[in-house]
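Quick notes on the structure that follows.
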């Protein structure tokens, strides 16, 4: 052991090796030195643990190429595109909504050039970033005014802070939700400076529960759409119209945290649990908050729509600057919203909605194409099977979509090993394991991604 440790060279000595000098020319001296130190430290640890299998030839081209590979791997972006073959359309871990080409083009244009983000081109004076998409939101939802911040959680915080700070907010116990990342509504209410007043029971809350809890300190009735869970059986909740009348009669504000938010009716596709934003406002809700990167199909954003006087109050709030949307997201959101206007068909132009509405036979046809590309690769066992896809993003957890998956088994590879190999492919392929087999759900895979999956499998089975 000691003799091997003594044979480990110094980093400075290796840096003058002709083979390693070529790596320095292709990268940088600091990068090579860092990789060499890490490699020598690992060799030292292996020798001391009795794992050493002999030292490499430190002067060889193979050793130098290994160093260069490590450097190139370290240079690769941490945030990169993957192929979503999970069947979960709005996958939070995978970046939620896939953007339309028009949204990407808008981001490219605004990112590559100066823009009129806060310049009024008509008057030549300072403008507001909040004006660019407000009219579109009002047109699509029927709202009097709208405001855009960086996500829906920010919209809720701003909305409550601007309307109920230091006063009470009444909310049903059955709607005190927690979403991803331990984001709990009671905590949000507390952080806004308002005081939560819970009413009703977990499964039943009546209009009278709200009415009985109203006193001079109450400012807001808060309704939250429970999109990420369901209570079934012995349940009750007041209609929005009744809550809106109660709020109006008592001079209170009715706010709804919608979470996801849809602009068109998705019930023809079996997705009936998500209320349309325009219908919520029509029912008399004063403010509604919803996300841009979920069922709307755009970038991360939080949209507040409703009464003009309350929106004006929120625009003047000092917190707004900390929550403001950036120019790239704003450009993508505006471009996405325009795809909801005639003559566009949002079901075909917006990727999220296209995946939701695509007929099952078309999904099966794509599965058949991929299965044909994979069959015969390394003895892989390939079949097309019916599967269930999901909306994801905290929306409609109990409603699935008929889909088809390509089920694969590779000799000498467990399903877990195959999943790992696919995750480290270029690009990474993210599927799911079902009954001991790797499944790639085609509802969330685009046609142009099929060759990428086939190339990844070819590389894996050729090892």
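The values are calculated or read from the model by the stated rules, or taken from the named source; none is laboratory data. What you see is a predicted model; the values in this text were computed from it and never measured. Here the Cβ positions follow ideal geometry from the backbone for every residue, glycine too, while neighbour counts run over all protein chains shown.
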Problem - Test: residue 109 is in contact (Cβ under 8 Å) with a residue 60 or more places away in the chain, in contact with a helix residue (DSSP H, G or I) (Cβ under 8 Å, 6 or more places away or on another chain), more than 28 Å from residue 183 (Cβ to Cβ) and surrounded by fewer than 13 Cβ atoms within 10 Å (Cβ to Cβ) - result: yes
Practice task
Take the range 210-228 and flag every residue that is part of a helix (DSSP H, G or I) and surrounded by fewer than 19 Cβ atoms within 10 Å (Cβ to Cβ).
Solution key: 211, 212, 213
Practice task
From 20, 24, grab the single residue that is within 12 Å of residue 58 (Cβ to Cβ) and modelled with pLDDT of 90 or more.
Solution key: 20
Exercise for the section: May I ask you to say which residue of 139, 118, 102 is in contact (Cβ under 8 Å) with a residue 60 or more places away in the chain, more than 21 Å from the chain's Cα centre (by Cα), on the phi < 0 side of the Ramachandran plot and surrounded by fewer than 19 Cβ atoms within 10 Å (Cβ to Cβ)? Expected result: 139
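Being in contact with a strand residue (DSSP E or B) (Cβ under 7 Å, 6 or more places away or on another chain), farther than 20 Å from residue 174 by Cα and assigned by TED's automatic domain parsing to the domain that holds residue 142 narrows it down to one residue among 262, 285; which is it?
Among 262, 285, only 262 is in contact with a strand residue (DSSP E or B) (Cβ under 7 Å, 6 or more places away or on another chain), farther than 20 Å from residue 174 by Cα and assigned by TED's automatic domain parsing to the domain that holds residue 142.
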Exercise for the section: Tally the residues that are part of a strand (DSSP E or B) and closer than 13 Å to residue 253 by Cβ, restricting the search to the range 277-327. Expected result: 5
Problem - Which listed residue is surrounded by fewer than 19 Cβ atoms within 10 Å (Cβ to Cβ) and more than 22 Å from residue 112 (Cβ to Cβ), from 324, 338, 315 - result: 315
Practice task
Scan the range 372-395 and give yes if some residue there is surrounded by fewer than 17 Cβ atoms within 10 Å (Cβ to Cβ) and closer than 24 Å to residue 100 by Cβ, otherwise no.
Solution key: no
Handout entry: The lone exception for residue 360 - which of (1) surrounded by fewer than 23 Cβ atoms within 10 Å (Cβ to Cβ); (2) in the same structural domain as residue 224 (by TED's automatic domain parsing); (3) over 27 Å from residue 112 (Cβ atoms); (4) touching a strand residue (DSSP E or B) at 6+ places or on another chain (Cβ under 7 Å) it fails
Key = (2)
Completion exercise
Sole miss for residue 152 among (1) surrounded by 22 or more Cβ atoms within 10 Å (Cβ to Cβ); (2) in contact with a helix residue (DSSP H, G or I) (Cβ under 9 Å, 6 or more places away or on another chain) is condition (2)
Handout entry: Residue in the range 47-70 that is modelled with pLDDT of 90 or more, surrounded by fewer than 13 Cβ atoms within 10 Å (Cβ to Cβ) and under 30 Å from residue 406 (Cβ atoms) present
Key = no
